[in-house]
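Here's the structure, in structure tokens; my notes come after.
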Amino acid sequence: MSVAFFSGAKSFKQQWPLISARLDQVIDDGKFTNGPAVQELEQKLEVFTGAKHCIAVGNATDALIIMLRAAGIGAGDEVIVPCYSFFASASSIAHVGAIPVFCDIEEGTYMIDVKQIEQCITDRTKAIMPVHLFTQMADMTAIREIAEQHQLLVLEDSAEAISMFHNGKHAGLLGNAGVISFFPTKTLGAIGDAGLILTDDDTIAMEARRLRIHGQDEGIPYIHQTVGYNSKMDDIQATILLVRLEFLQREIARRAYLAACYNRELADIKEVFTPMIKKHADDATNAVYYVYLIETDERDNLVAHLSLHEIGTEVYYPYPLHLQPCFKHLGYQTGDMPRAELAARRAVGLPMYPDMTEEQVTLVCEQIRSFFGKGNEHERSIL
Ligand SMILES: *Cc1c(COP(=O)(O)O)cnc(C)c1O
């Protein structure tokens with residue numbers, strides 16, 4: 001039995017009758033981008049997240065770029081961002097002509113180390129971009145305090161953070177704006193690219209709506225208020241997301257159950273560190289297991305062993321952002337961000353998706369156990 005790193009085939013088959021009935025409607029409506037299904041999804045997500053405005057776009061990388069521009073970030077501005085994240089957290093900043101200023105992460109949680117933020121602030125700093133990675137949110141109470149003190153914007157890379165809340169507020173709504181990704185492997189996945197900007201700010205929302213269609217105001221074509229982008233969501237993707245949104249809470253509960261299975265089965269393997277979920281003092285919200293990330297000194301050998309036994313893994317992230325060739329001109333060096341650099345050598349994501357069975361979790365854990373030389377002969381013979 002093999003275990004894919006990700007598969008959504010089983011759910012997709014189950015959901016297909018619901019999806020296909022709605023797709024007929026999309027064809028009948030004849031509007032395939034930014035159409036009725038996209039509008040319905042925006043409205044449903046406004047209810048789900050509590051956002052005043054949800055603006056659907058082509059993907060979350062575009063959402064980050066459009067959010068930054070809509071918030072007025074541009075040439076020469078500095079934006080503080082953690083160096084341990086998906087590339088788009090930093091590339092979006094560079095795309096609008098601004099400069100990413102990297103911060104190291106907190107040990108164990110992979111969140112931006114809030115103690116380092118103030119040292120990164122200069123005259124040119126305009127915003128802080130916290131990233132809510134893997135399972136949990138950054139310390140938004142502390143980040144908001146710093147931002148208020150220094151009059152900075154808070155623009156959240158909440159691409160992974162659907163259904164993550166801090167003091168009852170959805171990720172992306174704790175600062176000025178945020179984004180959500182619907183990339184297929186994300187907690188709420190389309191069957192292609194799709195993304196969203198969410199905000200309570202009317203001005204940012206208006207600018208973002210313009211920027212996604214070449215700087216035009218809705219209903220006034222061919223007049224360009226600003227030079228924007230072509231980043232619209234497909235109605236086919238919106239339709240799939242509308243169906244899947246109905247299953248989201250059940251799927252998140254399933255992820256939590258699988259994470260608990262992993263935690264239990266890996267607890268006695270001392271070479272493996274399982275996810276650490278930090279409860280902020282005033283925060284009673286649970287984790288959302290978008291990714292189940294472990295750490296071990298033997299990461300690369302473990303990945304090879306699991307691959308040999310047809311178990312998929314994904315290294316998130318093998319190279320921290322401050323050491324990427326494209327950011328060489330910023331002058332960072334190996335050793336500048338020790339915690340992120342250590343995580344880049346030790347961290348690996350294990351399979352984690354609602355279609356997984358408990359038996360598959362057991363199989364993954366047995367292979368990890370046998371790699372560290374703890375498998376007993378009886379268990380091996382069953383396998
Ligand atoms: C997935 C992701 C993105 C980008 O999302 P896309 O929809 O693939 O463009 C940005 N930031 C983080 C942290 C992500 O995980």
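Taken together, the values in this text are just the output of simple stated rules run on the coordinates, not laboratory data. The shown structure was predicted, so the numbers you read here are calculated from the model rather than taken from an experiment. We place every Cβ from the backbone using ideal geometry, glycine too, and count neighbours over all the protein chains shown.
Couple of notes before you dig in:
- Total charge dipole magnitude, the stretch 248-381, about the Cα centre, Cβ charges on Lys, Arg, Asp, Glu only, Debye to nearest 20: 340
- For the chain, the longest site-free run once trypsin sites (Lys or Arg not before Pro) in DSSP loop states with at most 16 other Cβ atoms within 10 Å are removed: 125-269
- Gain upon complete extension [SER2, THR357; 0.36 nm per residue less C-alpha separation]: 126.6 nm
- Cα gyration tensor, the chain - rounded (a/c under 1.5), prolate or oblate: oblate
- Once both labels are positioned 7 Å from their Cα atoms along Cα-to-Cβ, the gap between PHE273 and ILE191 label points is 4.0 nm.
- Residues within the reach of a label modelled at ARG124 (point 7 angstrom out along Cα to beta-carbon, backbone nitrogen below 19 Å), restricted to the stretch 79-98, are 79-83, 90-98.
- A Förster radius of 41 Å combined with the Cβ-Cβ distance from ASP217 to LEU342 puts the calculated FRET efficiency at roughly 0.25.
- Across the options MET1, THR185, MET337, the greatest Cα extent toward the positive end of the charge dipole of the chain (unit charges at beta carbon of Lys, Arg, Asp, Glu) belongs to MET1.
- Prolate/oblate/rounded call for the stretch 248-381, Cα gyration tensor, a/c under 1.5 rounded: oblate
- Projected label distance in nm at LYS13 and THR334, using a 7 Å step from Cα toward the beta-carbon: 4.7
- Where both bridge residues fall in the stretch 9-246, DSSP classifies roughly 55% of the beta bridges as antiparallel.
- The stretch 236-318: GluC sites (Glu not before Pro) in DSSP loop, at most 15 other beta carbons within 10 Å: GLU246, GLU298, GLU310
- The stretch 301-379 and the stretch 56-102 have their alpha-carbon centroids 27 Å apart.
- Fully extending the segment from CYS326 to TYR257, taken as 0.36 nm per residue of separation minus the present Cα-Cα distance, adds 20.9 nm.
- Using the Cβ-Cβ distance between VAL315 and ASP29 with R0 = 41 Å, the FRET efficiency computed as 1/(1 + (r/R0)^6) comes to roughly 0.45.
- For the stretch 31-93, the alpha carbon convex hull comes to 117 Å³ per residue, rounded to a whole number.
- Dipole of the chain computed with +1 at Lys/Arg Cβ and -1 at Asp/Glu Cβ about the Cα centre; of GLY97, GLN14, VAL348, farthest Cα towards the positive end is GLN14.
- Inter-centroid distance (Cα atoms) of the stretch 154-169 relative to the stretch 112-131, Å: 18
- Between the stretch 18-33 and the stretch 181-243, the C-alpha centres lie 18 angstrom from each other.
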